[in-house]
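Before any comments, here is the structure.
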Amino acid sequence: MSAVTSYVDFMRRRALWVVLLMVVLAACAAPFALRLGSTATDNFAAAPGTKSLYETTAIQGEFPGVFNDRETVLIECSGDCTCTSTSCPGFQGVISKLEDKLEPYRKTGVLYSTTSPFNFTGALAPLQSGYYNASADAMVLGLQFFAGAPEDDVNTAVQTALDAAVELTSGDFKVFVTGRTATRLAATAEAGKLIGMTDGIGTCFIVVFFAWQVGSWRLALIPVVNTIICLVLCLGLIYPLSSSKAIVLPSYVPNVCLFLSIALSVDYSFFHLSRFQEVRLQGKDLITACEEMVRTAGRVVLVSGVVLLFTWLALAAFPVFGTNTLGYCSSIAIFVCITVNLIMNPAMVLLFPGFFEKSALDACRCCKRRRASPEREEPLMDSASGPVKMNCYGKVASYIVRAPGMYIVPLVIYALLLPCAVRIFTADLVVGGTAGGTADTDEATSAILADFPGSNSGVPLTVMLSGDAGAVKGEGFFDAGCSLAKAVRAKTGIDAASFRGVMLQGVTDQGEVKCLQWSDAQAALSQAGLCGWAWGQSVNGDNSSTLLTVTPPFDAFSDKAKGLVDQAREAVDEFAKLKTGFEAVSYHPMSIEVDAEELTAGRFIWVVVGTVIIVFAVIAARYRAALIPIKLFFTIALPIIAVEGMSVVVFQDGILNWTGIPSLHSSGGLVWINPVATTFMLIGFALDYDIFLFSRIYSDRKSGAFLDDEAAIVNAVAATGPVITTAGVIMCLSFSGMIVQHTNPFLSQLGFTMIFGILVDTFVVRTLLVPAFLSMAGRFNWWPGSMPSKEGSEQPRAVQMTEGAGQLLA
């Protein structure tokens, strides 16, 4: 008895217990899966060995408040909200109500401080202008949340502020909350609604499409059950890793796992059940069909799943910005989908043999009246007894497998793909696109930049200057600080009015930063006033370090921050060469992402090469054919590069702006993490479908069903074409939720790249390129092994099958 027969026999005898076990495991995992979202974050630590790690460590030791989460509340008035020198009842009432909402978080220490014009009176009154704009009838309130507070508490507090803003928006007042956490929470909530709605509608289409292609509404119930179990188990397994801080879970990863679980679970069920129906068509009984399903489709799912797992796991080689977490979590999702489908597909069929034995061949048959009969339906029969009936896929393949088609088709396809492939090498990679934003947060950010250009309520560039203990109180330190500020100003080009520091005093007539001498500052410090307040804010306890802050005239979390980080670092490096005895470091929250991009770029090509070598070796070993990797390279390398290039054409060049679809509008370039993630994803899916097609050719040739490659290729393309097409369409529907939303640019770009890549792989690569290259390779497809041939075979059935297959090529 073979292992497959034993496995199916075990499933037949223990089907009920197996299904109950899987359901119980899913039920146990469900509570943890539902709590997974609460452990997600978009606050990432600097990667080991990067410059930002050194910068954050240095500044955090002296000024931990720099790392507090800063959110800004914008209050706009459309009525009569004039403020006098002594009162501002309208704005003050809104701020008081908001502060009352946040008071519980102030008591627990989560809310570190609130800053509004009403905090500055007397000598500090000049600072009010940074928070109130009379001509715009607008006011801002700065919120700082303690960096050491639990992230869940900070998220809850910021969400309370968002909810309060909605509640307080009435009458003459509009209230917005913007900032890194507020933007992320708002974008995640908006995207979640759209993704959830799209997934719900898309799942219905997937089930209908599945039932139509398999030819049975009964069998369509199996992937529904499998998908639910896969999704719950996947998220449930990730939860303890995230909650224990073993991994840092980005907010986008659960969404990717959701799409991946739906897509793979349905696809793997389709591979299994389409084979099951195919065998039933040949007149075999249900048990035999299950055995053949496990023996053929099960092995394909196992091999392709392992290859897919390796390609996604390769993302773990990038320990930045949660990319490694994406690799770990997606690998868990793939492993769960493989395991669940290998177990549940035969178990479900064997648990309800009477129900699934009546699986309809006609998708509409379930709606037809059947003749009442106590007897079971006879085994499903197919009128054909030989090669698969010719269809459009087979007809196309029959032209491609012969000269000149096998040479012309690849040349034409390469010529069409090459322009897009070249475009990827001139792509602009942008930072700041992983958190996203909503219309309200974008409006608030734009208004704050326009009406409060000098506001300190946002996130500034911070530069720390350090010397010996007490050094700040000296002319040498003040002179060094002035030189540092001028160096940063020269490199960044930011208006001198946006610079703040204890050694700075406004702007010169030439528009440069104006510097103070220590003697002048010392005299000002002797009086309680603005200078004393600034000293307490920006000088540490032992007077060895001070902060310079620069408020950029753009969104601090946009791609423009990338240039700001580089320019500030250049200024610091130049300062270090000119001034000895002092140490300067710059910091901006986006510096972590900038370094992450640089680290990833340095590793990317080596990880791709290593991944390709491993997965190609696995495939070559499985089919005992050493030259398969060469064929795989020619059929996946250029198409994947071209797909990435098309993303550049869409999201950088704006070729689809005319559609009016927000998620397909140009965003100035590709989010830097997108090409990294999608490259490995596309390699995995390309190999997944390639293995499915090649395994059919290999099986038919190995069994002697076909004695020459051309007939076997045509037959395999005709047999697997509908299956691969259906799997590809299902995969596209699964990822469609990403492009329905537009609040998160990374997800939009990821969704488009995956959908376009899958369509290219399904309709171009698998249908056209692979048959052409397999035909050109001939007997080298199997080298160093060999396959049965007409000359060396004595199998009458093989000859008969080959003669029948020859009709496909006639």
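The values are calculated or read from the model by the stated rules, or taken from the named source; none is laboratory data. Please read all numbers here as calculations on a predicted model, not as lab measurements. Note that we place each Cβ from the backbone using ideal geometry, even for glycine, and neighbour counts take in every protein chain shown. Ligands, DNA and RNA are excluded from the accessible area calculation, which covers all protein heavy atoms including side chains. Shrake-Rupley method; radii C 1.70, N 1.55, O 1.52, S 1.80 Å.
Tabulated data
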item: Sum of -39500 (n - 2.57) over DSSP H runs of 4+, divided by residues of the chain (222 nm, nearest 500); result: -20000 deg cm²/dmol
item: Relative contact order of segment 135-260, pairs being alpha-carbon contacts under 8 Å that are 6 or more residues apart, as %; result: 12
item: Heavy-atom accessible surface of the chain: percent carbon and sulfur, 1.4 Å; result: 61
item: Radius of gyration, Dmax [segment 1-58; alpha carbons; angstrom]; result: 23.6, 68
item: Sequence-distant residues sharing a close amide H with Asp495 (under 5 Å, placed H); result: none
item: Residue-level accessible surface for Asp440, protein heavy atoms, 1.4 Å, Å²; result: 90
item: With DNA, RNA and ligands ignored, accessible area of Ser243 (1.4 Å probe; Å², nearest 10); result: 50
item: Rg over Rh, two decimals, segment 160-280 (C-alpha only, Kirkwood Rh); result: 1.16
item: The chain, relative contact order [Cα under 8 Å, separation at least 6], %; result: 18
item: Of (1) 40, 34, 26; (2) 74, 29, 21; (3) 62, 29, 22, the label for semi-axes √(5λ) of the Cα gyration tensor in Å derived from the coordinates; result: (3)
item: Per-residue HN-Hα couplings for segment 100-112 [Karplus 6.51, -1.76, 1.60; θ = phi - 60°; Hz; x = Gly/Pro]; result: 5, 5, 8, 4, x, 7, 5, 5, 8, x, 5, 8, 6
item: Directionally averaged shadow of segment 1-151, computed from the convex hull of its alpha-carbon atoms, nm²; result: 18.8
item: Cα pair count fraction exceeding 15 Å, expressed as % - segment 134-210; result: 69
item: Descending Cα extents along the principal axes, segment 634-744, whole Å; result: 55, 24, 21
item: Volume per residue of the C-alpha convex hull in segment 507-603, rounded to whole Å³; result: 170
item: Per-pair calculated FRET efficiency, R0 = 22 Å: Ser666 and Phe633 via Cβ, rounded to 0.05; result: 0.10
item: Euclidean distance of C-alpha centroids, segment 182-254 and segment 680-756, integer Å; result: 20
item: Rg to Rh quotient for segment 385-524, alpha carbon positions, Kirkwood Rh; result: 1.44
item: Local electrostatic count at Cys77 - Lys and Arg +1, Asp and Glu -1, tallied over other residues with Cβ under 13 Å; result: -4
item: For the chain, accessible area per residue (1.4 Å probe, heavy atoms of protein chains only), Å²; result: 42
item: Residues whose placed amide H lies under 5 Å from that of Val671, excluding near-sequence neighbours; result: Val430
item: Karplus 3J(HN,Hα) series, Hz, for segment 338-347 with 6.51 cos²θ - 1.76 cosθ + 1.60 (x for Gly, Pro); result: 4, 4, 4, 6, 5, 8, 6, 4, x, 5
item: Amide H contacts under 5 Å for Leu504, placed H, 5+ residues apart; result: Leu516
